1. Cβ contacts < 9 Å: first residue touching a residue at least 24 places away in the same chain (Cβ under 8 Å) and of a type in the set (K, R), restricted to segment 35-60; second residue in a helix (DSSP H, G or I) and surrounded by 11 or more Cβ atoms within 10 Å (Cβ to Cβ), any location; separation 6+ or different chain. Result?
2. Please enumerate the residues belonging to segment 13-34 that are of a type in the set (D, E, K, R) and outside any helix (DSSP H, G or I).
3. Considering segment 40-60 alone, what residues qualify as being farther than 23 Å from Y7 by Cβ, of a type outside the set (D, E) and part of a helix (DSSP H, G or I)?
4. Kindly indicate whether F37 is at pLDDT below 75, surrounded by 10 or more Cβ atoms within 10 Å (Cβ to Cβ) and part of a helix (DSSP H, G or I).
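The values are calculated or read from the model by the stated rules, or taken from the named source; none is laboratory data. Keep in mind that what you see is a predicted model, and the values were worked out from it rather than measured. We place every Cβ from the backbone using ideal geometry, glycine too, and count neighbours over all the protein chains shown.
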Amino acid sequence: MNKDFQYEIFEELPGGHSFDRQDTKLALSIRFRIYKFLAKYLNPPIRFNNIDEIRRAVYR
């Protein structure tokens, strides 16, 4: 059982545990990386290609 486990630790970011849900450039870039990672496994109907697409989807 040699499974590949991928993770990233974000230390001391503004906002604590909810940093990735804030509307800052750093938070959006991290959220984009998370979405890209999950898209490889979940096959979402709509894929984000950049941070601007995430921002537009949030403020529709």
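1. Short answer, once both residue conditions are applied: R55/L28.
2. Hit for segment 13-34 is D23, nothing else.
3. At the first step, the residues of segment 40-60 found to be farther than 23 Å from Y7 by Cβ are 45-46, 49-50, 52-53, 55-60.
Now narrow it down to the ones that are of a type outside the set (D, E): 45-46, 49-50, 55-60.
Scanning segment 40-60 gives R55, R56, A57, V58.
4. For F37, the condition - at pLDDT below 75, surrounded by 10 or more Cβ atoms within 10 Å (Cβ to Cβ) and part of a helix (DSSP H, G or I) - is not met.
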